[in-house]
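The values are calculated or read from the model by the stated rules, or taken from the named source; none is laboratory data. Note that the structure is a prediction, hence the values are computed from the model and not measured. Cβ atoms come from the backbone with ideal geometry, glycine included; neighbour counts cover every protein chain shown.
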Amino acid sequence: MSRAEFERRFPDEAACARYLAEKRWPEGFVCPSCDGCKGWELQSKPFTWECASCARQTSVTAGTVMHRSKLDLKTWFTAIHLEASHSNGISALQLQAQLGLGSYETAWSLLHKIRRAMVDPGRSLLQDLVEVDDAAIVYRTQHDPIDGRQGRSPAGKLLIVGAVELSPDEERRPRRIRLQPIADVSGEVLHRFVDQVVQPGATVITDGLHSYGRMPNHERERHVIGRVKAHLVLPWVHRVFSNLKRWLMGTFHGARKAHFKRYLDEFTFRWNRRRHLKSAFDTLLRLAVRLPHASTRDFIEQRV
Ligand SMILES: [Zn+2]
């Protein structure tokens, strides 16, 4: 959807509110308090319905990611549109400029709230064939030079584990991915990841270097090889890692330790929708509407 189409579809607050109301109450207003189906939209309060039975007032944004936000709906919708329509995403600085927001912090927290909506809670497990490997991503702090990648201590690296689902035919085409920050590459950590993201019975392809050991729930295709050739045996997970590094550098000038998981979620969202970018806006909006309001607590740095 182009910016012009977006403006036609969502010209003002009322259009955005109507969209939210349709998504929340496709069959008409339902009171979240008493399940009453009779109610009316208040004239005195914008986008708020009052229940005919219990008189409770419900804002159309209640129970969505936009709840209690000081920003108007149009700003939210525009930010979601910008995030979804730039194939690489945007930085907080770019968003601030595009929306004319007063502060960098507002743009930053808006982007993080949108990123939260990038994981579909109902997504299914990876199936058939799944490449699994880990990688270390160098992160930078506020004061590091942008491109100081050489000679870092291990403390400056973020460990991640990734999985790529492949088609079960001879071509082994990549389908969906999952990425997760991890504390270490112990068997316990890797097993937990595989159990969380891979369907029981699927075949897991690994390079045989790590302590995956026996995986009771999954078949295993193991390749005992040196690190040098890992990209030949696990071509897709390695391509995902290198795309991820390039994306972090290109869009954000390098990985940051804080909120790293959200950046992985954003990358995963983009990769998994790389062939149907057109629907990314609607997907993101649908998830954002279903996602509960986030408090500041949700944004305090997550430790792995
Ligand atoms: Zn009610």
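One line per residue, one yes/no per condition, for (1) exposed (fewer than 14 other Cβ atoms within 10 Å of the Cβ); (2) near the ligand (Cβ under 10 Å from one of its atoms); (3) not hydrophobic (A, V, I, L, M, F, W, C):
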| site | (1), (2), (3) |
| --- | --- |
| ALA17 | no, no, no |
| ARG24 | no, no, yes |
| GLY36 | no, yes, yes |
| SER53 | yes, yes, yes |
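Being more than 16 Å from the ligand (Cβ to nearest atom), out of contact with any Gly (no Cβ under 7 Å at 6 or more places or on another chain) and not assigned by TED's automatic domain parsing to the domain that holds VAL237: is that true of ALA62 here?
For ALA62, the condition - more than 16 Å from the ligand (Cβ to nearest atom), out of contact with any Gly (no Cβ under 7 Å at 6 or more places or on another chain) and not assigned by TED's automatic domain parsing to the domain that holds VAL237 - is not met.
So which residues in the stretch 55-73 are surrounded by fewer than 13 Cβ atoms within 10 Å (Cβ to Cβ) and modelled with pLDDT of 85 or more, if there are any at all?
Selection gives ALA55, LYS70.
Report, ordered by the first and then the second residue, all pairs with beta carbons closer than 6 Å, sequence separation of six or more or different chains, a first member in the stretch 27-54 that is of a type in the set (S, T, N, Q), and a second member that is within 9 Å of the ligand (Cβ to nearest atom).
SER33/CYS54; SER33/ARG56; SER53/CYS34; SER53/GLY36
Answer yes if at least one residue in the stretch 182-193 is at pLDDT 80 or above and in contact with a helix residue (DSSP H, G or I) (Cβ under 9 Å, 6 or more places away or on another chain), and no otherwise.
yes
Is there a residue being within 14 Å of the ligand (Cβ to nearest atom), in contact with a Leu (Cβ under 7 Å, 6 or more places away or on another chain) and assigned by TED's automatic domain parsing to the domain that holds LEU110 anywhere in the stretch 39-48?
Yes, that holds for at least one residue.
Whether any residue in the stretch 133-147 is at pLDDT below 85 and basic (Lys, Arg) is what I want to check.
Checked against the condition, which is being at pLDDT below 85 and basic (Lys, Arg), the stretch 133-147 yields at least one hit.
So which residues in the stretch 9-34 are of a type outside the set (S, T, N, Q) and not in a helix (DSSP H, G or I), if there are any at all?
Once the filter is applied, which keeps residues that are of a type outside the set (S, T, N, Q) and not in a helix (DSSP H, G or I), the stretch 9-34 yields PHE10, PRO11, ASP12, TRP25, PRO26, GLU27, GLY28, PHE29, VAL30, CYS31, PRO32, CYS34.
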